[in-house]
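The values are calculated or read from the model by the stated rules, or taken from the named source; none is laboratory data. Please read all numbers here as calculations on a predicted model, not as lab measurements. Glycine gets a Cβ as well: all are built from the backbone with ideal geometry, and neighbour counts include every protein chain shown.
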Amino acid sequence: MHRLAVAASLIGLAVSNAAADGVSVEEGLRISIVGGCHDCHTDGYAVSGGRIDPENALRGSAIGFRGPWGTTYPSNLRLTLAKMGEDEFVGYGHTFKTRPPMPWFGVHGMTDGELRSFYRYVKSLGEPGMPAPAYVGPGVEPITPYIAFEPQMPAQSQ
Ligand code: HEC
C-alpha cells in the first residue's frame, strides 16, 4: 500500500513536471513570432503583415542583405536544424555567431526550454527544402536581389 502511494505520487510528479516545463511546438511557434525570426527567415512574412505561409516557414530567403560585411542570406533553418539533435541545438543556440544582420546575441538570451520549443516547432514544419544562396564577400556584386543595409545620407545634405 505504502509503495503504491509512493509510485502514484512519483507519477503525479512526472506529469506535473511535463506540464510545468512548457516545452511544445505551439510555444516554439509563439517564440518564433515574438523573436522576429520569420521577419527575415520566412519569405513574404513581413510584407503580408505577419502571415506565415506554411510552405515557406523558416526556409530562408534568396533576397540578400548587403552591407560592409558582404551579402548574407537568411538561412534555411529547417536545414540547419535537420543536421542537429535537440540537445546539440540548445548548446548551439547559446553560443553561435553569424555575420549581420542576424541578431544572434538575442538568441543567446533564450532559455533552454525556449530553445527546445523553437527546435520542436522547426522540426514540425516538414521537408527542409533547398539551402539559401551562399554568402557573397564584401565588394562582390551578388547575382540575386538584395537589400542595401547601409545608412544613406538624405538628398538635401549632399
Ligand atoms: C534581420 C534579419 C534576421 C532576423 C530577424 C533573424 N535572422 Fe537568423 N539569420 C539572418 C541572416 C542574414 C543569417 C545568415 C548570416 C550569415 O550568413 O552569416 C541568419 C542566420 C541564422 C542562423 C545560422 C544558421 C546557419 O545554418 O548558419 C540561425 C540559427 C538563425 N539565423 C536563427 C534565427 C532565429 C532563431 C531568429 C529569431 C529569434 C532569427 N534567426 C532572426 C537574418 C535574420
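Couple of notes before you dig in:
- Matching residues in the range 125-145 - criterion: being within 11 Å of the ligand (Cβ to nearest atom) and touching a Ser or Thr at 6+ places or on another chain (Cβ under 7 Å): 132, 133, 135, 136
- Among all positions in the range 30-44, there is no residue which is modelled with pLDDT under 95 and closer than 15 Å to residue 114 by Cβ.
- Count of the range 68-80 residues which are more than 8 Å from the ligand (Cβ to nearest atom) and in a helix (DSSP H, G or I): 1
- Selection status of residue 63, hydrophobic (A, V, I, L, M, F, W, C), within 11 Å of the ligand (Cβ to nearest atom) and at pLDDT 95 or above: yes
- The lone exception for residue 153 - which of (1) within 29 Å of residue 78 (Cβ to Cβ); (2) away from the ligand (no atom under 13 Å from the Cβ) it fails: (1)
- Qualifying residue in the range 31-47 (condition: more than 14 Å from the ligand (Cβ to nearest atom), over 25 Å from residue 99 (Cα atoms) and either more than 11 Å from the chain's Cα centre (by Cα) or not in a loop (DSSP other than H, G, I, E, B) (or both)): no
- The range 82-107, residues that are under 26 Å from residue 137 (Cβ atoms) and surrounded by 13 or more Cβ atoms within 10 Å (Cβ to Cβ): 92, 96, 98, 99, 100, 101, 102, 103, 104, 107
- Flag for residue 149 being in contact with a helix residue (DSSP H, G or I) (Cβ under 6 Å, 6 or more places away or on another chain), of a type in the set (Phe, Trp, Tyr), closer than 25 Å to residue 32 by Cα and surrounded by 15 or more Cβ atoms within 10 Å (Cβ to Cβ): no
- Filtered residues of the range 88-118 (kept if in a helix (DSSP H, G or I), touching a residue at least 60 places away in the same chain (Cβ under 8 Å), near the ligand (Cβ under 8 Å from one of its atoms) and of a type outside the set (A, V, I, L, M, F, W, C)): 106
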